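Scroll down for the structure; my scribbles are underneath it.
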Amino acid sequence: MNYLHRLLCSSAKWKEVVQRYALPWTLEQIDLGSEVLEIGPGYGAATEVLQRQAKHLVCLESDGRLADRLRRQFNGRVAVQREDATAMSLPGESFDGVACFTMLHHVGSVSLQDRLFAEVARVLKPGGVFAGTDGLPGRSTKLLHLFDTMVLVDPDTLPQRLTAAGFESVQVDVNPYAFRFRAWKPKSRPSNRA
């Protein structure tokens, strides 16, 4: 992230936006369960809330400085791993829920985003939910991401992409500022027997 983006994401105002609006809207009427994975927590605005709701929270953060900061901030209450979510070292079927908030656009390409979706499907337990939110195109979005990675996710194509990654019952909702998504890993895999 560029300097301006870091400044915004570490601000009290951004924390309020995430905790008061983005997180409740994204998680409305869903339960992430007791074993939760958060991808790309950044400065930990959502992590602060999630760690109170989950029995066990693991955060994957690819930025080393942010991962170190999160470890200090949560002082052992959250397991923070410096890792790329497109190639997770985590065991399969180990989480009830996976969440990400306003970070998908930082994944460097559509194909890497699709790899991330497939990895999330791999680490979710059958019946587990993947939920998140991300931003929409706009002038302020472009300005905030000058000289920064920005690969916006098209909410219109997201359901097909998540289905291709192995999810079902995909829901995508759009408001004037962002979109949210929810997708479930099938409870059981269809048998290959004829």
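The values are calculated or read from the model by the stated rules, or taken from the named source; none is laboratory data. Just so it is clear, the structure is predicted and the values come from calculations on it, not from any experiment. When we count neighbours, we look across all protein chains shown, and the Cβ atoms used for this are built from the backbone with ideal geometry, even at glycine.
Things to note:
- The one condition in (1) in contact with a Gly (Cβ under 8 Å, 6 or more places away or on another chain); (2) at pLDDT 95 or above; (3) of a type in the set (Val, Ile, Thr); (4) farther than 19 Å from residue 184 by Cα that residue 98 fails to fulfil: (4)
- Number of the condition not met by residue 99 [criteria: (1) part of a loop (DSSP other than H, G, I, E, B); (2) under 12 Å from the mean Cα position of the chain (by Cα)]: (1)
- Count of the stretch 27-74 residues which are within 15 Å of residue 102 (Cα to Cα), touching a Cys at 6+ places or on another chain (Cβ under 7 Å) and of a type in the set (A, V, I, L, M): 1
- Residue within the stretch 112-129 that is closer than 24 Å to residue 21 by Cα, modelled with pLDDT of 95 or more and part of a strand (DSSP E or B) present: yes
- Here 57, 37, 32 are screened, and the one residue that is buried (at least 22 other Cβ atoms within 10 Å of the Cβ), touching a Gly at 6+ places or on another chain (Cβ under 7 Å) and modelled with pLDDT of 95 or more is 32.
- The residue pairs whose first member lies in the stretch 166-177 and is surrounded by 14 or more Cβ atoms within 10 Å (Cβ to Cβ) and of a type in the set (Gly, Ala, Ser), whose second member is at pLDDT 95 or above and not in a strand (DSSP E or B), and whose beta carbons are closer than 7 Å, counting only pairs six or more residues apart or on different chains, are 166/118; 166/121; 166/185.
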